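Novice: Sharing a structure with you now.
The values are calculated or read from the model by the stated rules, or taken from the named source; none is laboratory data. On a predicted model such as this, the values are computed, not experimentally measured, just so you know. Using ideal geometry, Cβ is built from the backbone for each residue, glycine included, and neighbour counts are taken over all protein chains shown.
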Ligand SMILES: [Zn+2]
């Protein structure tokens, strides 16, 4: 840390003093099981913390009436009543600096089968240098780090020369409508940082991602005459096979150059499968829900069309499906990919801060998934990236985050605030 001047040293020392507060706040967020539709208690914890730390808070609703025409809005089958994002705003202490958004999502994915967890997913536990729990990595500890980075600058005795907005959003894991609503409400800035748990890297590329659901009808029978019925579950199998072929075609087809070195950058995932009601009845309905990704530069509508064609082609060759066509619905993610120039000023500043702490340049991260970064990249100013802690098993059992890496994020963000926004003494 030889490159640090005395002010920066004060800021780093102040950040280190906040470690217990950061991990305590992250743990309190993890303890709130903020899966889809159940975000209220985590939002309340975040709002109270922001108020206690002196931010002006606003609850930003997701209103399909006002957002519905936005090209980034993802239609969903669920409701937005009483669900919102919480934004903390800190006005500039003096003019002249560059503004900053710090964004993180409070929603978490379902913990899945509890048998695989060593501890309750929503009872955070620290073992050695790791904090365990659903959302510990993705991404409640990042949220704690980013908020307390602002506090660290204040604790070191400095003001900030530009407005800072911190956003705790919902629906990062399903639609991206939360971050979009904040952007639409005017919360953009000269740069945006998101501490997603991909490690201390500078994310320059994301793939596009879409979700869809395929519903198939069968013909129900008692199993004593099963051969005269049509099994809706098994009828899904050739459709899934056709979608796997589409996935292979997309991976083998023209590639965005940033993804050339990847073995299999685009992934189809059959994430939910439902069907049938009784072991001795031929099921008359089955449905699966899936996620498919595509390269930056490829349009959502083009992939949507390819999926429809793949399902239609399978149906044409199947006597039952040709008479009983599957229903395809697109809901949730319909985000397109994007690519950013690694040489953007905000990325250079972030890299400088990383190097001050580690002596090394931050690696570039090319992502095969999507994050709320898309809102800032596609519809806001483009100087935005993810730089976050090191986590393991995100979306899996025994999710955990490495506490020293959470502290590194807090320090890097605190230095970024000093360099990008500017200090007031
Ligand atoms: Zn995440």
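Novice: Across region 383-398, what is the number of residues that are more than 11 Å from the ligand (Cβ to nearest atom), farther than 12 Å from residue 141 by Cα and either at pLDDT below 95 or assigned to a loop (DSSP other than H, G, I, E, B) (or both)?
Specialist: Result for region 383-398: 6.
Novice: Say we look at region 164-197 and pick out the residues that are farther than 22 Å from residue 388 by Cα and in a loop (DSSP other than H, G, I, E, B); which of these is nearest to the ligand (Cβ to nearest atom)? Steps first, please.
Specialist: Initially, region 164-197 is screened for residues farther than 22 Å from residue 388 by Cα, giving 181, 184-186.
With in a loop (DSSP other than H, G, I, E, B) added as a condition, the list becomes 185-186.
Details: 185: 21, 186: 24 Å.
My answer is 185.
Novice: On to the next question. Looking at (1) farther than 24 Å from residue 370 by Cβ; (2) within 16 Å of the ligand (Cβ to nearest atom), which is the only condition residue 110 fails?
Specialist: (1)
Novice: If you don't mind, there's one more thing I want to ask. Before we move on, is residue 279 in a loop (DSSP other than H, G, I, E, B) and more than 26 Å from residue 236 (Cβ to Cβ)?
Specialist: no
Novice: Next up: Can you tell me which residue among 376, 416, 330, 347 is in contact (Cβ under 8 Å) with a residue 12 or more places away in the chain and not assigned by TED's automatic domain parsing to the domain that holds residue 187?
Specialist: 330
Novice: For region 126-149: of the residues being touching a residue at least 12 places away in the same chain (Cβ under 8 Å) and at positive phi, which is nearest to the ligand (Cβ to nearest atom)?
Specialist: 135
Novice: Ok, one more. Going by the structure shown, is residue 153 in contact (Cβ under 8 Å) with a residue 24 or more places away in the chain, in contact with a helix residue (DSSP H, G or I) (Cβ under 7 Å, 6 or more places away or on another chain), away from the ligand (no atom under 13 Å from the Cβ) and in the same structural domain as residue 48 (by TED's automatic domain parsing)?
Specialist: Considered against the rule, which asks whether it is in contact (Cβ under 8 Å) with a residue 24 or more places away in the chain, in contact with a helix residue (DSSP H, G or I) (Cβ under 7 Å, 6 or more places away or on another chain), away from the ligand (no atom under 13 Å from the Cβ) and in the same structural domain as residue 48 (by TED's automatic domain parsing), residue 153 comes out as yes.
Matching residues to (1) within 29 Å of residue 334 (Cα to Cα); (2) in contact with a helix residue (DSSP H, G or I) (Cβ under 9 Å, 6 or more places away or on another chain); (3) surrounded by fewer than 18 Cβ atoms within 10 Å (Cβ to Cβ); (4) assigned by TED's automatic domain parsing to the domain that holds residue 14:
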residue	(1), (2), (3), (4)
96	no, no, yes, yes
100	yes, yes, no, yes
105	yes, yes, no, yes
112	yes, no, yes, yes
126	no, yes, yes, yes
134	yes, yes, no, yes
143	yes, yes, no, yes
169	yes, yes, no, yes
200	yes, yes, no, yes
